[in-house]
Amino acid sequence: MKNNKLYIVLLLFLILLLAVCIIIPINHKGNQHKDENSNTTFKVVIDPGHGGKDNGATGASGKYEKNFTLSLSKKVKKRLEQEPGIQVFMTRTDDSFISQESRYRPKYANKLNADIYVSIHGNTFSNPDVSGTETFYYHNNSRLLANILQKHVVDATGFNDRGTKMKNLFVVKDTEMPSALIEVGYLTNPRDESKMLTDDFQNRIAASIVEGIKEYQGESAKNGILDWIF
Ligand SMILES: [Zn+2]
């Protein structure tokens, strides 16, 4: 009697094993077609904040945030284009104005079915002594991206780590993929602004953003495999 029970358990285990062996390859086949078309490249949308008549912050020197964000974003784009498996898109590539009301920025990323969205900004405050780097996100599934980017960008700026914060900003709220908004540093802080406006500093920040994106891509690939198995 005891033996019979053991056989039944063994038999059930074998059936389960067989089912897993059959189901996984079927699922895999089903996914292959999709993989070939869309999942092989990791689509990144870079969003240079502001533009056109929307100057963004006015820095300590009188220079505008919109020019800083575009210059830095172009450097990020250039580096990302050299990464195999990454496809990069920009919400703007020149000084054009994008109205907030149109919600064009998140719509653009949603339409592309982008994997991540990274908005680049420079911060502003009335007190010129205030300094630091911070990253905003809205949805829970964006927290990991925000944390990883913040870690890399803070390393590169050397500014105070003001952390990652949840904030109701439409670009991170309306985007349907993990998204983060990086406030690289305070343009209203004269010392920080003078650094942020140099090519050298921007190249370092651009490299750190790319490192962050690659780290996040690796993390999401791992999660993708887990999703596929379970
Ligand atoms: Zn801004």
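What follows draws every value from the coordinates through simple rules; no lab data is involved. Since this is a predicted model, take the numbers as computed values, not measurements. Counting neighbours? That spans all protein chains shown, and the Cβs are built from the backbone with ideal geometry, glycine included.
Each residue of the stretch 61-69 was assigned a 3J(HN,Hα) from its phi angle through the Karplus expression (A = 6.51, B = -1.76, C = 1.60, θ = phi - 60°), giving 8, x, 7, 8, 4, 4, 7, 4, 5 Hz with x at Gly and Pro.
Going by average Cβ neighbours within 10 Å, how do the peptides 57-68, 157-168, 40-51 rank, with the highest at the top? Please list the in-between numbers first.
Values: 57-68: 18.5, 157-168: 15.6, 40-51: 22.1.
The densest-packed peptide leads the list: 40-51, 57-68, 157-168.
If you count the DSSP beta bridges with both ends in the stretch 96-193, what percent of them are antiparallel, to the nearest 5? Before the final figure, lay out each step's value.
On the way: 3 of 13 bridges.
Just about 25 percent of them are antiparallel.
Counting only DSSP beta bridges whose two residues both lie in the chain, roughly 20 percent are antiparallel.
Placing R0 at 30 angstrom, the Cβ-Cβ distance between Thr41 and Leu226 gives a FRET efficiency of 0.90 after rounding to 0.05. For Lys63, a cut-off of 21 angstrom between C-alpha atoms picks up these lysines, skipping any fewer than 8 places away in its own chain: Lys53, Lys74, Lys75, Lys195.
Could you work out the local net charge near Lys222, counting Lys and Arg as +1, Asp and Glu as -1, over the other residues with Cβ closer than 15 Å to its Cβ? Could you put the intermediate results ahead of the total?
Values: positive: Lys214; negative: Asp115, Glu215, Glu219, Asp227.
Computed value for this residue: -3.
Straight-line reach only, C-alpha to C-alpha below 16 angstrom: list the lysines that Lys151 could link to, leaving out same-chain residues fewer than 8 apart. Here the lysines satisfying the reach criterion relative to Lys151 are Lys165, Lys214. Rounded to whole numbers, the Karplus 3J(HN,Hα) couplings from phi for the stretch 72-87 are 5, 4, 5, 5, 5, 4, 4, 6, 5, 5, 8, 8, x, x, 10, 10 Hz, using 6.51 cos²θ - 1.76 cosθ + 1.60 with θ = phi - 60°, and x at Gly and Pro. When the Cα positions of Ile205, Thr164, Gln87 are compared along the charge dipole of the stretch 41-229, Gln87 comes out farthest toward the positive end, with charges on each C-beta of Lys, Arg, Asp and Glu. For Met90, the residues whose amide H sits under 5 Å from its own are Ile46, ignoring neighbours fewer than 5 places away on the same chain, with H placed 1.01 Å from N. Straight Cα distances below 12 angstrom link Lys77 to the aspartates and glutamates Asp47, with same-chain residues fewer than 8 positions distant left out.
So, R0 is 25 Å and r is the distance between the beta-carbons of Leu112 and Asn140; what FRET efficiency does that work out to, to 0.05? Here the calculated transfer efficiency is 0.65. A Cβ-based charge dipole, computed about the Cα centre of the stretch 41-229 with Lys and Arg at +1 and Asp and Glu at -1, lands at about 260 debye. Available extension along the chain between Lys151 and Tyr104 is 14.1 nm, counting 0.36 nm per residue and deducting the alpha carbon span.
Lys and Arg at +1, Asp and Glu at -1: add these up for the other residues within a Cβ distance under 15 Å of Tyr138 and post the number.
Details: positive: Arg103, Arg105, Arg143, Lys165, Lys167, Lys173; negative: Asp47, Glu134, Asp174, Glu176, Glu183.
Around Tyr138, the surrounding residues sum to +1.
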